[in-house]
1. Tell me, please, whether a residue that is within 16 Å of the chain's Cα centre (by Cα), over 19 Å from Tyr70 (Cα atoms) and free of Cβ contacts under 8 Å to residues at least 12 places away in the same chain can be found in region 110-118.
2. When the residues of region 40-54 are filtered to those that are assigned to a helix (DSSP H, G or I) and more than 15 Å from Val68 (Cβ to Cβ), which remaining residue is modelled with the highest pLDDT?
3. Under 7 Å between Cβ atoms, at least 6 apart or on separate chains: pull out the pairs that start in region 28-40 with a residue that is over 16 Å from Tyr50 (Cβ atoms) and end on any residue that is among the aromatic types (Phe, Trp, Tyr).
4. Looking at region 84-107, is at least one residue modelled with pLDDT of 95 or more, of a type in the set (D, E, K, R), in contact with a helix residue (DSSP H, G or I) (Cβ under 8 Å, 6 or more places away or on another chain) and within 30 Å of Lys5 (Cα to Cα)?
5. May I ask you to verify whether Gly23 is under 30 Å from Lys138 (Cα atoms), of a type in the set (Gly, Ala, Ser) and at pLDDT 95 or above?
6. Among the residues in region 70-92, are any more than 30 Å from Leu137 (Cα to Cα) and assigned to a loop (DSSP other than H, G, I, E, B)?
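The values are calculated or read from the model by the stated rules, or taken from the named source; none is laboratory data. Remember, it's a predicted structure, so these values are computed and weren't measured experimentally. Backbone-built Cβ (ideal geometry, glycine too); neighbour counts: all protein chains shown.
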Amino acid sequence: MNQEKKLPLLLKVLLILTFIGSGMTMFSNLFLFGFFDQIKAVVNSMGSSYNFLGTPMDLKPFFNVTPVFYLTQGLLSGVSLLGAILMWDLKKVGFHVYTIAQILLLIAPKFFIPGLPFPGMELLISALFVFYYSRFLKIMN
């Protein structure tokens with residue numbers, strides 16, 4: 001009789017958050033890559049700032065990078081999503097895939113945006129997720 005292991009509630013919550021976060025990041029970055037020139041033209045035609053919920057935002061810096069930046073971020077987010085899918089199936093390799101993707105997501109922007117400040121908040125969030133995922137390695141195979 002084959003008994004299926006149940007996912008602990010915390011692991012389910014973490015994975016669902018990763019599905020949402022990595023999935024939306026992957027989709028938005030690949031969308032930006034695919035329609036980079038068209039979106040850049042629209043942003044340039046809007047003027048120097050855009051009001052988002054009453055807060056002015058300058059969107060032009062988002063287009064001072066090469067479209068390959070968005071492709072790289074999208075693909076790495078997809079790898080992160082793949083790691084989460086594998087962890088949902090309790091595959092230990094999923095943890096390693098996810099962790100490597102998170103490290104690369106922290107490092108890769110430095111190659112495209114040299115003056116980018118240290119990603120403190122991103123590092124904290126990634127470290128917390130990796131730490132909590134590592135707590136479930138013993139039930140993964």
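1. Initially, region 110-118 is screened for residues within 16 Å of the chain's Cα centre (by Cα), giving 110.
Within this subset, residues satisfying the condition of being over 19 Å from Tyr70 (Cα atoms) are none.
The answer is no; no qualifying residue exists.
2. Ala41
3. Qualifying pairs under 7 Å: Asn29/Tyr70; Phe33/Tyr70; Phe36/Tyr70.
4. Looking through region 84-107, at least one residue is modelled with pLDDT of 95 or more, of a type in the set (D, E, K, R), in contact with a helix residue (DSSP H, G or I) (Cβ under 8 Å, 6 or more places away or on another chain) and within 30 Å of Lys5 (Cα to Cα).
5. Yes.
6. no
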